[in-house]
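The values are calculated or read from the model by the stated rules, or taken from the named source; none is laboratory data. Nothing here was measured: the structure is a model prediction, and the numbers come from that model. The protein model used for the area step is the full one, side chains on, heavy atoms only, and it has no ligands, DNA or RNA in it. Shrake-Rupley method; radii C 1.70, N 1.55, O 1.52, S 1.80 Å.
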Amino acid sequence: MKARQLFQRMTSREKTLLVAFVWVILIIVFSFALRDFRQFMSSWSDTGRQLDAQQGLLNNAPVVNAELEKELEFYKSDRIYDLPSLTGRVDQLAKQAGVTNFTFNTGSEEQDIHVAHTIRLNIKDTPIENLMTLDQALNAESPYINKVSVSLKADTRNDELLDATIILNSFELKSSGLAANP
């Protein structure tokens, strides 16, 4: 009641200024409230989009698990070679291709979850047909044995024979690497 009497005693100019002041305060409060509401709604929509994306991933979980199992079967294959079995396999392929005059140097580099094996195969005095047969045999072993580079040069004593250097690589997944992805 006292506020009403105070308002009634004011001049029209004071009343106008007071009403204008109250409206300015209300507009400022409303703009802050609107900004906070917009931030809240933006966060709400972002959370909804993230939940939808996560639900999509959860819905695809069986497909992803099946693909993971398929990939792990590739890495658990008996065609993944450690260094002794890799050199034995390359030796076997070379002999089956009719390549007999060869030597190789091997090396391995251990990484976090795999071991990279490298073989430098030096072939001397071999007909091109035998090299082509070996090339086809090595291609059939891909992706377990990969050719990194091949260089050929003619033998200086016999033009029908070639010397070749083939660099091969392979990998072996450590058992700890397989355990990391059950």
ask   = Quick check, is Leu178 in a helix (DSSP H, G or I) and at pLDDT below 90?
value = yes
inquiry  = Please verify whether Asn101 is modelled with pLDDT of 90 or more, under 17 Å from Ala164 (Cα atoms) and not hydrophobic (A, V, I, L, M, F, W, C), treating the condition exactly as stated.
reply    = no
message = Suppose we filter region 114-139 for residues that are under 36 Å from the mean Cα position of the chain (by Cα) and outside any helix (DSSP H, G or I); how many remain?
response = 9
task = Mind listing just one residue for me: the one in region 134-162 that is open to solvent by 60 Å² or more (accessible area, probe 1.4 Å) and of a type in the set (Val, Ile, Thr) and, of those, farthest from Ser108 (Cα to Cα)?
result = Thr156
request  = Test Val63 against the stated conditions and say whether it is of a type outside the set (Ser, Thr, Tyr) and over 30 Å from Leu168 (Cα atoms).
outcome  = yes
note = Scanning region 84-132 residue by residue, those over 18 Å from Pro143 (Cα atoms), open to solvent by less than 50 Å² (accessible area, probe 1.4 Å) and β-branched (Val, Ile, Thr) turn out to be Val99, Ile123, Thr126
message = Looking at Leu34, Leu18, Leu57, Leu83, can you tell me which residue is within 30 Å of Thr118 (Cα to Cα) and of a type outside the set (Val, Ile, Thr)?
response = Leu83
